[in-house]
Amino acid sequence: MIRINMFSSAEKVKGQGVASAYRELVNMLENQFSDEFAIFYNSSQSADISHYHTIDPIFYLSTFFKKKRGVMVGYVHFLPETLNGSIKLFKPIQALVNWYVTSFYKRMDQLVVVNPSFIEDLVRCGLDREKISYIPNFVSSQTFYPLSIEQKHKLRAKHHFTPNDFIVLGIGQIQERKGIDDFVKLAKENPHLHFIWVGGFSFGKITDGYDKYKKIVQNPPKNLTFTGIIDRQKINEYYNLADVFLLPSFNELFPMSILESFNCHVPVMLRKLSLYDAVIKDKYIEANDVATMSKKLNDFYQQPSLLAPYIQKSQEAAHYYSQEHVASLWYHYYTQLLSTQALNTNE
């Protein structure tokens, strides 16, 4: 049995994708591979594999006790540049944080990225390409799933919407990087459409643009609802309210919200970013700017049948990024990791 020590503090901060990805992974491993993997958490005991999900300073210190850590695996959920537009720090502190993130990754024996397009970025930071693997995120179909038409109508009534209302859903932290300004602008320019943003200020006042966005949340356009941070178990309701999921982010790795939308068979609209090409090319509605987003949303509003191909694309993507498929990738990765280590030791 392989002993895996999971190092994470992701769930201390609600409403962030890292926590969702972490919870999906550990639940899957415990449910499917309890006979193969012995999993424990933030422990000082010895392990065959130490899997680092977050980059806490205390975890950084633990990497110096190499014999007890076994093979150290770093899960790359973000790069230094993806912090820009998320949290606001003084430049000297930002530079220190950037150095620390890179230094943490360099302490690892192996790295796993959730988007292969970021391998080159890590290599430019001085990381060894041969130590980097790609395994995508996934979400459980038992947590995120489509409801029947009848259930959706009841859900809309519960949230004071009619079956004919056209609802655009956004999910994520309220921050500049997520494109929240464009989401608000779309609501202002399209009063006949309904907009919902699920998420809040996970990092409080150090969120980039906190004062500005706090005012918007407190006084939004009439057709825009900010729900605040919602327990993950309840978010499935919001996906099933939506006609379209819209994430106008400027910088991402592979948001869990996209996968959650796919699982609920909701059409996905995203800002056209090259990083999506490696993971979900042709599976979403592309839009380069607010004008394009607005035009396409209105086209769908006037002709809902135009969404049918994108519902099908979401279903296809959900199948590819299913728990079953990704579970097999993780099983192979962990077992192969120790096989390779044993071979290298014998040599």
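No lab work stands behind these numbers, since they all come straight from the coordinates. Since this is a predicted model, take the numbers as computed values, not measurements. For neighbour counting, all protein chains shown are included, and Cβ atoms are generated from backbone atoms with ideal geometry for every residue, glycine included.
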Exercise. Non-local amide H neighbours of Met72 (under 5 Å, H modeled in plane, Pro and chain starts lacking H): which ones?
Worked result: Ser50, Asp109, Gln110
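Ranked by Cβ crowding within 10 angstrom, fewest neighbours first, how are Phe195, Phe59, Phe78, Phe65 ordered?
By the 10 Å Cβ count, ascending: Phe65, Phe78, Phe59, Phe195.
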Exercise. So which of Lys188/Lys295; Lys66/Lys106; Lys91/Lys185; Lys152/Lys188 end up more than 18 Å apart by C-alpha?
Worked result: Lys91/Lys185; Lys152/Lys188
For this session: May I ask for the distance between the Cα centers of segment 1-65 and segment 129-146, given as a whole number of Å?
Result: 15
Exercise. Which of the peptides 321-329, 256-264 is most tightly packed, and how do the rest follow, going by the mean number of other Cβ atoms within 10 Å of each residue?
Worked result: 256-264, 321-329
Exercise. Using modelled amide H (1.01 Å from N, peptide plane; none on Pro or chain starts), what sits under 5 Å from the amide H of Tyr134, excluding residues fewer than 5 places away?
Worked result: Val113
Exercise. What is the local net charge at Asp165, summed over the other residues whose Cβ is closer than 10 Å to its Cβ (Lys, Arg +1; Asp, Glu -1)?
Worked result: 0
Exercise. Shape of segment 275-347 from its Cα gyration tensor (a ≥ b ≥ c, root eigenvalues): rounded if a/c is under 1.5, otherwise prolate when a/b > b/c, or oblate?
Worked result: prolate
Exercise. If the limit is 29 Å between Cα atoms, which of Lys215/Lys283; Lys158/Lys215; Lys178/Lys283 go over it?
Worked result: Lys215/Lys283
Seminar exercise, completed: For Tyr320, the net charge from surrounding residues (Cβ-Cβ under 13 Å; K, R +1; D, E -1) works out to 0
Seminar exercise, completed: Applied in sequence order to segment 134-146, the curve 6.51 cos²θ - 1.76 cosθ + 1.60 (Karplus, θ = phi - 60°) yields integer Hz couplings, x standing for Gly and Pro, of 10, 9, x, 5, 7, 9, 6, 6, 8, 9, 10, 7, x
For this session: Output the peptides 103-109, 181-187, 213-219 sorted from most to least packed, where packing is the average of other Cβ atoms within 10 Å over each peptide's residues.
Result: 181-187, 103-109, 213-219
Seminar exercise, completed: Full extension between Gln303 and Val97 adds, at 0.36 nm per residue less the Cα distance, a length in nm of 69.4 nm
